[in-house]
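J.: Pasting in a structure now, in structure tokens, and then I'll have a few things to ask.
The values are calculated or read from the model by the stated rules, or taken from the named source; none is laboratory data. Just so it is clear, the model here is predicted, and its values are computed rather than measured. Ideal geometry is used to build each Cβ from the backbone, glycine not excepted, and the neighbour counts take in all protein chains shown. Quick note on the areas: whole protein, heavy atoms, side chains included, nothing else; ligands and nucleic acids left out. Shrake-Rupley method; radii C 1.70, N 1.55, O 1.52, S 1.80 Å.
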Amino acid sequence: MCIRDSLHPLDVDGAHGQASSYLFAPGTSPFPPSASKPPLMLHPTPSRWLVPVDGSFDLARATTKPPQPQDEDTLEDRLDDLQKEIGDLQRLLYADDRFALLLVFQAMDAAGKDGTIRRVLAGMNPAGVSVHSFKKPSSEEVAHDFLWRTARRLPRRGQVGVFNRSHYEEILVVRVHPEYLEAQDIPDAHAEDPEFWEGRMASIRDHEAHLARNGTVIRKFFLHVSKEEQRQRFLDRLNEPDKNWKFSPADVKERGYWEAYQEAYAEALKHTSRPWAPWYAIPADDKDFMRVAVAEVIRATLSSLPLRWPPVAEENRTHFGEMREQLMAEASVADDSPG
Ligand code: ATP
Ligand code: MG
């Protein structure tokens, strides 16, 4: 398929085709050492926004702005093309029926998760996509281990699953607000104990490695908006009548915890961006740029998979001629019939 190999300069930093050996320090791979090369799902899609998979990420140095001024019309055209390519690839993912694709979106309020999901996935067949928004958990959800509620919503093979917020809230909002952890009633869980959070991050890494080993391709997007841009967007919601419905006083209250959230995101991204489930920290102050950058990663990810139309069993193929004749014959009977 022609779209497989065309990489767009916007998001590619020349890292394509790197040797796979850079992925793990000795002894740290969760995959069998006997494998001559890491399994397919272990290749993070190259992008200049890829959060390093070796734990060296520094969120304070990540930009919220496009690297250079962007032309809006060019970005719109590019997004239209990407939507179509992603749609074509999704149909192939569905027919191939071996891989699932999980897309995780996390961000501060008003960074644009909803609009990005809507625009980037617009070319997909809705029958093959499910989007789940994870809000405050129910009492039933809180009564289970913290991966239970999202695990129930994972995509099956052939499907794309989108998480608008996700299990990551458990090391973000729950870390910023220790009262949520207390409400979970976990024996010996103490929010002030760094080892508790390290344990949660280890659980997430293991869980995602397990999914990858079983055919789920995971890509995670942190839409990185600046505090000033968030202020402007909240003001727009207050000032523009058709945006009033989006305004929530709770969002302004949460903004008061900005620094604590940045620290929690910094830790989360650093410790959970791994080859089998990489994060991408996408500059989010320019919405058009952000959407194109996300779409580029999704397109490149899908096109790197060895997707193929399902093979037709030989015994079925031998009947093709016979079936064709039978169907053609029905047409001539219909032509001959009166009226
Ligand atoms: P939008 O505002 O665009 O509708 P949203 O994702 O911000 O989307 P809200 O209903 O405003 O949705 O907020 C959901 C809230 O639920 C967020 O503040 C989020 O941090 C919180 N939340 C999600 N998961 C958990 C969790 N596991 N524990 C506690 N709070 C959570
Ligand atoms: Mg909100």
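J.: Here are some residues: 269, 302, 238. Which one is over 19 Å from residue 147 (Cβ atoms) and either part of a strand (DSSP E or B) or in contact (Cβ under 8 Å) with a residue 12 or more places away in the chain (or both)?
T.: Details: 269 fails: over 19 Å from residue 147 (Cβ atoms); 238 fails: either part of a strand (DSSP E or B) or in contact (Cβ under 8 Å) with a residue 12 or more places away in the chain (or both).
Criteria check complete, one pass: 302.
J.: Further question on the same structure: Could you figure out which of (1) surrounded by 15 or more Cβ atoms within 10 Å (Cβ to Cβ); (2) at pLDDT below 95 isn't true of residue 68?
T.: Failed condition: (1).
J.: What do you reckon, is residue 187 more than 10 Å from ligand 1 (Cβ to nearest atom), open to solvent by 30 Å² or more (accessible area, probe 1.4 Å), within 25 Å of residue 224 (Cα to Cα) and free of Cβ contacts under 8 Å to residues at least 40 places away in the same chain?
T.: Values: more than 10 Å from ligand 1 (Cβ to nearest atom): yes; open to solvent by 30 Å² or more (accessible area, probe 1.4 Å): yes; within 25 Å of residue 224 (Cα to Cα): no; free of Cβ contacts under 8 Å to residues at least 40 places away in the same chain: yes.
So residue 187 does not fit the description; no.
J.: If residue 157 meets every condition in (1) in a loop (DSSP other than H, G, I, E, B); (2) open to solvent by 50 Å² or more (accessible area, probe 1.4 Å); (3) within 13 Å of ligand 1 (Cβ to nearest atom); (4) touching a Phe, Trp or Tyr at 6+ places or on another chain (Cβ under 7 Å) apart from one, which number is that one?
T.: The number of the failed condition is (3).
J.: Can you report the number of residues in region 112-128 which are surrounded by 17 or more Cβ atoms within 10 Å (Cβ to Cβ), within 16 Å of ligand 2 (Cβ to nearest atom) and not β-branched (Val, Ile, Thr)?
T.: Total meeting the criteria: 2.
J.: Give the number of residues within region 129-154 that are more than 20 Å from residue 200 (Cβ to Cβ), touching a residue at least 12 places away in the same chain (Cβ under 8 Å) and surrounded by fewer than 17 Cβ atoms within 10 Å (Cβ to Cβ).
T.: 3
J.: Given the conditions (1) touching a Gly at 6+ places or on another chain (Cβ under 9 Å); (2) away from ligand 2 (no atom under 16 Å from the Cβ), and given that residue 132 satisfies all but one, which numbered condition is not satisfied?
T.: Exception for residue 132: condition (2).
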